[in-house]
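Taken together, the values in this text are just the output of simple stated rules run on the coordinates, not laboratory data. Note that this is a predicted model, so its numbers are computed, not measured. Using ideal geometry, Cβ is built from the backbone for each residue, glycine included, and neighbour counts are taken over all protein chains shown.
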Amino acid sequence: MRGSTFAAFALGFVAGMAVLAGVLWSFGALRTPAGAQPQAAVAAVPQQAAPPQPITLSPAQGEAERSAPEPVPGHPIIPVQGIAASQLTDNFNDRRDGRRHDALDIPAPRGTPVIAAVEGNVVKLFHSKLGGTTVYQFDDSRTYCYYYAHLERYATGLAEGTLLRQAEVLGYVGSTGNAQANAPHLHFEVHKLGPEKKWWQGESLDPLKLLGHGPE
Ligand SMILES: [Zn+2]
């Protein structure tokens, strides 16, 4: 008997506390102003409990992060300013002087800016009999070499080692080398580099296939 009496008392006590808690909670809820932002109040709690961590990145580290190479080469863009994909024709397999062209010719008015197809460093500035004034650029992952030829001239300040951002001007369309003077164009090649990463060696890829998605 005593046991069950105590159980009934305990049950009643618990029920009473629950009702009391409910009443207090209701009061609390009712007393909350209509315009209050309970979520903001909750969000403020962790900030008080754990103050914001000071920024520990030094300027040098920030710079290293910005210039870190991307794991995969970015999509190359059409390397002549103002040229749309619809204006390009595939002449990669054309026969030129008894051998395959292995390049994409992009006709454009003399002096049109030639822009970096991808981000990456200039590895060689070279003047050759066939290519005229040329630029060799590796992408950041050093997987591909991008070759720009028949340039009228280089962009001011361009040097070997210069890091070009994608779409940065590197030179201007011309007809140096063996290009016809009345048909200025950019001769553009893409090479997949071998393990030795030689700027003058590599497997020729059809640039038009890489540019398929058009400019960004
Ligand atoms: Zn060509």
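Miscellaneous remarks
- Summing charges over neighbours of Pro184, with a neighbour being any other residue whose Cβ is under 15 Å away from its Cβ, gives 0 when K and R count +1 and D and E count -1.
- Ordering of 194-207, 172-185 by burial proxy (mean other Cβ atoms within 10 Å per residue, highest first): 172-185, 194-207
- Neighbours of Leu88, meaning other residues whose beta-carbon lies under 13 angstrom from its beta-carbon, give a summed charge of -2 when Lys and Arg score +1 and Asp and Glu score -1.
- For region 86-183, GluC sites (Glu not before Pro) are listed when DSSP marks them as loop and at most 16 other Cβ atoms sit within 10 Å of their Cβ; the list is Glu160, Glu168.
- For Phe138, nonlocal amide neighbours, meaning residues 5 or more places apart or on other chains whose placed amide H falls under 5 Å from its own, are Asn121, Val123, Tyr146.
- Amide H within-cut-off set for Arg96, under 5 Å, with H built and near neighbours excluded: His101
- Here is the list for region 85-148: trypsin sites (Lys or Arg not before Pro) lying in DSSP coil, each with at most 11 other C-beta atoms within 10 angstrom of its C-beta, are Lys129.
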